[in-house]
1. Pick from G245, G148, G220: which is most flexible by mean-square fluctuation in a GNM of the chain where alpha carbon atoms under 10 Å apart are linked?
2. So what J values fall out for segment 39-44 if you push phi through Karplus, 6.51 cos²θ - 1.76 cosθ + 1.60 with θ = phi - 60°, rounded to Hz, Gly and Pro as x?
3. Not counting ligands, DNA or RNA, and with a 1.4 Å probe, what is Y58's accessible surface area in Å² rounded to the nearest 10?
4. Springs between alpha-carbon pairs under 10 angstrom, Gaussian network model over the chain: which of G185, G173, G85 fluctuates most?
5. Residue by residue, what Karplus-based ³J(HN,Hα) values in Hz, rounded to whole numbers, does segment 24-30 have, using 6.51, -1.76 and 1.60 with θ = phi - 60° and x for Gly and Pro?
6. What ³J(HN,Hα) values, in whole Hz, does the Karplus curve 6.51 cos²θ - 1.76 cosθ + 1.60 give for segment 229-235 when θ = phi - 60°, with x put for Gly and Pro?
7. Relative contact order for the chain: what is it in percent, counting Cα pairs under 8 Å that are at least 6 residues apart?
8. Normalised by the number of residues in segment 65-194, what is the relative contact order in percent for Cα pairs under 8 Å and 6+ residues apart?
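The values are calculated or read from the model by the stated rules, or taken from the named source; none is laboratory data. The shown structure was predicted, so the numbers you read here are calculated from the model rather than taken from an experiment. Here the Cβ is made from the backbone with ideal geometry for all residues, glycine too, and neighbour counts use every protein chain on show. Side chains are part of the model used for accessible areas, which takes the heavy atoms of the whole protein and leaves out ligands, DNA and RNA. Shrake-Rupley method; radii C 1.70, N 1.55, O 1.52, S 1.80 Å.
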Amino acid sequence: MAEIVGGFLLPHDPLITADPSSPPKEQAQAVMKAYDHVRARLHDLEVDTVLVIGDDHYTVFGPHCLPRCLIVTGEASGPVEPWVGLPQTAIPVNQPLAMHIMQHGFDTGVDWAVARSITLDHSTTVPIHLCYLDNPGINSVPILVNSGVEPFISNKRCYEIGQNMRAAVKSWGGSERIAIFGTGGISHWVGMPDMGRVNVEWDRMIIDAFSNCELEKILGLGDEEIIRQSGNGGLEIKNWIVALGFMQATRGELIEYQPVPQWVTGCGFMELVE
């Protein structure tokens, strides 16, 4: 029987790999140490499949197609952007589990968009590359929610999708040990006049809310307020909310937080604990 063993919230900032030497050395090292910590935890937890929650940035999709929630059930590779500084590499997908999560959603109220072949952007592939792609014992199930461009998915729906995925995994007959990554955030203004600003006060409020799993507060955050306080990139806490719903966590433990204007992002790492 499949077992849920871990949940992590972490950045997917492409500048971490595209421009690794731009921040102060101590900050860059702290961020990479945090990725190494997640890598070590996956090893300690004997994880063999990671559900990776990200979003598209008008790179795979665009005005012609904006899926609200998408699950990859077939072949995947990435990152699609050559400037990210990572090789475009095949990403092993746990296809039977992905198909099960998809079908469970169809049967219980999640109308997944489905990708049977996809080249993903940095939102899922940066964490995969930095945390476990070189480990042949770990597969992925990449999942995208529309937290990047309008019309945005709601916080409540993100939490419900996480809950639905949890139920699907609990009903899976395989023996996998499963973790989840909620990727992105925290404050950053992508292509906006404030690009490069990091709102440390807001970031710490978000970290505190996830540390205490203050569900009502988190789900009650309005999109306009999130954008005002933390930029359009701050909406990626919706990816974190999917992970929160999946884990049914009672607390979150801070691994690292570094506000890095050179990477235009507040980089937060947390582990969710059931």
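1. Among G245, G148, G220, the largest GNM mean-square fluctuation belongs to G220.
2. Ordered by residue, 3J(HN,Hα) equals 4, 5, 5, 4, 5, 4 Hz.
3. My reading of the accessible area for Y58 is about 120 Å².
4. Most flexible of the set in this elastic network: G173.
5. x, 4, 5, 5, 4, 5, 5
6. These are the phi-based 3J(HN,Hα) values: 8, 9, x, 5, x, x, 5 Hz.
7. Details: 628 pairs, mean separation 85.0, N = 274.
Relative contact order of the chain: 31 percent.
8. Working: 159 pairs, mean separation 41.7, N = 130.
It rounds to 32 percent for segment 65-194.
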